[in-house]
1. Kindly provide the set of residues from the range 199-218 that are over 20 Å from Gly143 (Cβ atoms) and not polar (S, T, N, Q), ordered by number.
2. Please specify each residue of the range 366-385 satisfying the condition of being closer than 13 Å to Gly419 by Cβ and crowded, with 24+ Cβ neighbours inside 10 Å.
3. In the range 298-319, how many are farther than 15 Å from Gln249 by Cα and surrounded by fewer than 24 Cβ atoms within 10 Å (Cβ to Cβ)?
4. Checking Asn62 against (1) over 22 Å from Val123 (Cα atoms); (2) modelled with pLDDT under 95: exactly one of these is not met. Which one?
5. Please identify the pairs in which a residue from the range 396-407 that is on the phi > 0 side of the Ramachandran plot has its Cβ atom under 6 Å from the Cβ atom of a residue that is at pLDDT 95 or above and of a type in the set (S, T, N, Q), counting only partners at least 6 apart or on another chain.
6. Which numbered condition trips up Ser81, out of (1) under 25 Å from Asn255 (Cβ atoms); (2) at pLDDT 95 or above; (3) crowded, with 23+ Cβ neighbours inside 10 Å?
7. For Thr122, state whether it is out of contact with any Lys or Arg (no Cβ under 8 Å at 6 or more places or on another chain) and among the polar types (S, T, N, Q).
8. Of all residues in the range 406-427, which are touching a Ser or Thr at 6+ places or on another chain (Cβ under 8 Å) and more than 21 Å from Gly335 (Cβ to Cβ)?
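The values are calculated or read from the model by the stated rules, or taken from the named source; none is laboratory data. Since the structure is predicted, the reported quantities are computational estimates derived from the model, not experimental observations. When we count neighbours, we look across all protein chains shown, and the Cβ atoms used for this are built from the backbone with ideal geometry, even at glycine.
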Amino acid sequence: MRAVHSNSNRFGVWTKATVTFAVWLVFAGAQGASAATLCVNPTGKGGCFATITSAVTAATVNDTIQVAKGTYDEDIVVGKSLSLIGANPKNTIIDATGLANGIFVDGIDNPGLSGVTVSGFTVKNANFEGILVANASSVTISGSIVSNNNKSLVIATPACPGLPSFETEEGDDCGEGIHLLGANHSVVADNLVEKNSGGILISDDTAAASNNLISGNIVSNNSFDCGITLASHPRASIAGPGTPLGVTQNTISNNLSTSNGLATPGAGAGVGIFDGAASGIASGNVVVGNTLTNNGLPGVTMHSHAPGEDLTNNVIVNNAIGGNHADTGDAATSGSTGINVFGLSAATGTVISDNYITDEALDVVVNTPASVDVHLNDLLGKGVGVQTLNAGTANATLNFWGCAKGPGARGCTTASGTGILSTPFASKEF
């Protein structure tokens, strides 16, 4: 029995991530008795500050800043442990028009930064990221609307000239709606992230990015990149030359990622796990309980484009996937695809289990010189349930192929390629 999806609403949206509130309570409880509460309103009356930046400057460690409704034209830089709480995301707005970012949690210039909470805002119109967290730990971003950022993107190219040194070195976006850059043990939960260049990104440009949780978000209509991306990139100039530092042991759970990456062919997946450079490390990540529909690449897209990269031990479990597009380039698939595992290096330890996949020409594609475990899935697409390409093999036992008689029977999806173990199979839907 599936833990997340009900039969009545296979593509439903989860409304709360319980773990978010547990984490928030830990942060709240960690605040000492001496912590103060500061207030901000647009007029600066009643003993409050008129700008969020001035309140952040005045705050001491573990203070809380309560921000009243209004529009704040600021690029807010947070360099100390504090809580920044908006009254309501519908009317408490950070408008970063003409500015770099809406909120920048800056652990680059403040080494060891941890324990920052941001909640209850709309963040919009930044040239680069809506919310950027760099080289920090134990940061929570929750209950906010992050939209219409990445304004410096040149749509016709697409490219982003003049990126600052701490930004991602990809040229096809200007950051993301929310970016965890070299962050660890942080939570991004229960946000609406829409109409940016890309949605939510975890990357290792400046430090290793590990043990982060992305949960309960709605990520939609981010046109030029994935809804949610885990990417091991070349190191940015601020970190000096060298190999990527690793995107590892992150959890992507209970999100809706839909209609992303549709502006150009192959622009973005529902969830993407990528080695973007030689010796890239994107390992030990878990994609669980998400709904991934109508994205410009496969619902879950895994890429390793060179030998020697580490795309291992990633787990894709209990997701509802449907109506996505084909993969492109050297990872190309021949039709709409639910999950694509592409690796010139061996993507060993990959587990694909308990997913519900429908409305795809190819449910699962394995194109890596390794055996991939594909078990207990409902493979209900329009043709191929599991396909192997080149040296790829799949242990695909105990799946339901759409009918009681198994792969290739009338009304069932098929197994296509070599090295697929498909029996025994399930005779009914999980």
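1. Asp204, Asp205, Ala207, Ala208, Ala209
2. Selection gives Val366, Asn367, Thr368, Val372, Val374.
3. 5
4. Going through the list (1) over 22 Å from Val123 (Cα atoms); (2) modelled with pLDDT under 95, Asn62 breaks only (2).
5. The qualifying pairs are Gly402/Thr413.
6. So the condition that Ser81 fails would be (1).
7. Details: out of contact with any Lys or Arg (no Cβ under 8 Å at 6 or more places or on another chain): no; among the polar types (S, T, N, Q): yes.
No.
8. As a first pass, look at the range 406-427 and keep what is touching a Ser or Thr at 6+ places or on another chain (Cβ under 8 Å): 406-408, 415-425.
Scanning the range 406-427 gives Gly406, Leu421, Thr423, Pro424, Phe425.
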